[in-house]
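Worksheet for the structure shown next.
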Amino acid sequence: METFDVVVIGGGLIGCSIAFELATKKLKVVVLDKQQPGREASWAAAGMLSPAPDSARDIPLVPLSRESLRIYPEFVRAIEQASGKRTGYAMNGALQIFAEPYGETERDEMVAEHKRLSLAAEPISIEAARAKEPSINPATHAVAFLPEEGSVEPRLLMDAVISAATRRGVEIRADCAATSLLRERGRCVGVCAGGKIAAKQVVLAAGCFSGAVDKDTNSSKPYVPTHPVRGQMLALKHQGFRLQRVLRSERGYLIPRADGRVVAGSTTEDAGFEKKVTAAGTRQILAVALELCPELGEAEIVEAWSGLRPGTPDALPILGPTEMEGLLVSTGHYRNGILLAPITARLVREWITTGRANFDVKSFSTLRFNRNQQESVSKNASTVQK
């Protein structure tokens with residue numbers, strides 16, 4: 001039987017970033033992916049780096065998102081140095097566009113909420129906004145500038161993280177599905193993936209597929225109640241058109257790429273595990289893109305795709321130890337996997353190497369979904385037996 005210090009189930013950005021972090025501590029790590037690593041949610045993502053909540057239910061995530069954004073430059077620097085590859089990381093700020101006649105009121109409310117959450121935001125005039133981004137719709141009613149936001153190119157980042165992890169000694173196995181966990185006296189001691197693989201620690205980071213890996217033998221429920229949320233995306237290109245920074249509204253967004261393309265998104269659909277691009281989804285995305293930048297009416301659609309985000313019952317990540325010793329969970333990042341990769345990798349490394357995470361993550365504990373374990377959340381969410 002093969003033996004590793006850590007088995008990571010899931011070869012997306014979260015799983016490979018965790019593996020890279022663990023390898024910096026000289027741990028022997030293997031990453032198992034059911035297909036080609038990095039070809040699911042990470043490959044399909046837009047790459048917007050924004051810690052702002054999309055709705056009130058996202059507010060508990062803001063401190064974690066803010067911390068991950070803070071350490072992003074360090075994360076990118078380490079990945080680019082280790083891999084020798086670029087990631088498309090750019091921090092040029094973002095413009096939040098308000099198209100409705102009452103846009104100024106909405107903008108001012110958003111700016112006030114950002115400040116309450118310790119997020120940088122400032123109202124700016126239409127003239128100042130057009131100086132930053134001349135292509136925005138002249139009919140825009142109000143704009144807020146978010147100076148600390150930016151973007152990264154997920155496909156470049158994913159490629160760089162895989163290379164960096166491999167160079168650090170991580171073994172990454174494609175087409176190697178982990179089907180179940182190995183147990184010994186109530187402890188997780190490895191996984192079944194074709195054959196048996198032993199490990200001191202197992203990290204479940206398989207995105208929306210996490211719930212299918214294994215089930216609690218007492219309740220027949222998955223340890224992690226993840227589900228797929230489909231998002232459709234378009235890439236547009238128009239000769240002479242160049243977007244400098246992220247533009248977004250409450251209905252969608254535009255993100256620039258270094259090669260001149262503009263990524264437009266996105267839909268949020270409960271469509272099971274079916275990945276496809278639909279006429280309705282394309283129409284929805286294009287409507288928002290043209291509302292933000294009418295010039296894109298002449299753009300070519302150079303690519304269309306969809307991906308499956310890992311959703312959870314409360315739309316928050318599932319992070320940390322489980323009631324089964326030896327098993328850690330790192331999944332359910334929903335629309336924030338690209339942003340949260342640095343802090344997630346660091347937290348898992350801390351849990352495994354020191355037994356404690358230096359960040360309050362009780363809100364994201366897997367134990368929150370088990371009523372019988374609610375009293376254990378505060379006790380167990382920050383520690384793991386070594």
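The values are calculated or read from the model by the stated rules, or taken from the named source; none is laboratory data. As the structure is a computational prediction, the values presented were derived from the model and not from experiment. All Cβ positions, glycine included, derive from the backbone under ideal geometry; neighbour counts span all protein chains shown.
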The number of residues in the stretch 147-169 that are under 23 Å from G47 (Cβ atoms) and either among the small types (G, A, S) or not in a helix (DSSP H, G or I) (or both) is 11
Could you tell me which numbered condition L316 fails, if it satisfies all but one of (1) buried (at least 24 other Cβ atoms within 10 Å of the Cβ); (2) within 27 Å of V6 (Cβ to Cβ)? (1)
On the basis of being among the hydrophobic types (A, V, I, L, M, F, W, C), surrounded by fewer than 15 Cβ atoms within 10 Å (Cβ to Cβ) and modelled with pLDDT of 95 or more, does I124 make the cut? no
Taking the stretch 194-218 as the search range and keeping residues that are small (G, A, S) and either buried (at least 22 other Cβ atoms within 10 Å of the Cβ) or within 21 Å of the chain's Cα centre (by Cα) (or both), which one is farthest from G307 (Cα to Cα)? A199
Exclusive hit being touching a strand residue (DSSP E or B) at 6+ places or on another chain (Cβ under 9 Å), in contact (Cβ under 8 Å) with a residue 40 or more places away in the chain and farther than 17 Å from K200 by Cα, set A23, A19, A41: A41
So, of the residues in the stretch 5-36 that are touching a Leu at 6+ places or on another chain (Cβ under 8 Å) and either surrounded by fewer than 22 Cβ atoms within 10 Å (Cβ to Cβ) or small (G, A, S) (or both), which turns out to be farthest from I162 (Cα to Cα)? D5
Mind checking which residues of the stretch 252-283 are in a helix (DSSP H, G or I) and surrounded by fewer than 19 Cβ atoms within 10 Å (Cβ to Cβ)? A279, A280, T282, R283
Only one of L290, L319 that is within 23 Å of E250 (Cβ to Cβ) and of a type in the set (A, V, I, L, M): L290
Any hit, the stretch 63-80, residues being surrounded by 15 or more Cβ atoms within 10 Å (Cβ to Cβ), closer than 25 Å to S306 by Cα and outside the structural domain of F273 (by TED's automatic domain parsing): yes
Quick check: is even one residue across the stretch 44-55 crowded, with 20+ Cβ neighbours inside 10 Å, assigned to a helix (DSSP H, G or I) and touching a Leu at 6+ places or on another chain (Cβ under 9 Å)? yes
Considering the stretch 353-386, residues that are of a type in the set (V, I, T) and at pLDDT 85 or above, and then whichever is farthest from E325 (Cα to Cα), we arrive at V361
Number of the exception - R335 against (1) part of a helix (DSSP H, G or I); (2) in contact (Cβ under 8 Å) with a residue 24 or more places away in the chain; (3) not assigned by TED's automatic domain parsing to the domain that holds A271: (1)
Please go through the stretch 170-179 and pick out each residue that is of a type outside the set (D, E, K, R) and either closer than 30 Å to A121 by Cα or not in a loop (DSSP other than H, G, I, E, B) (or both). I172
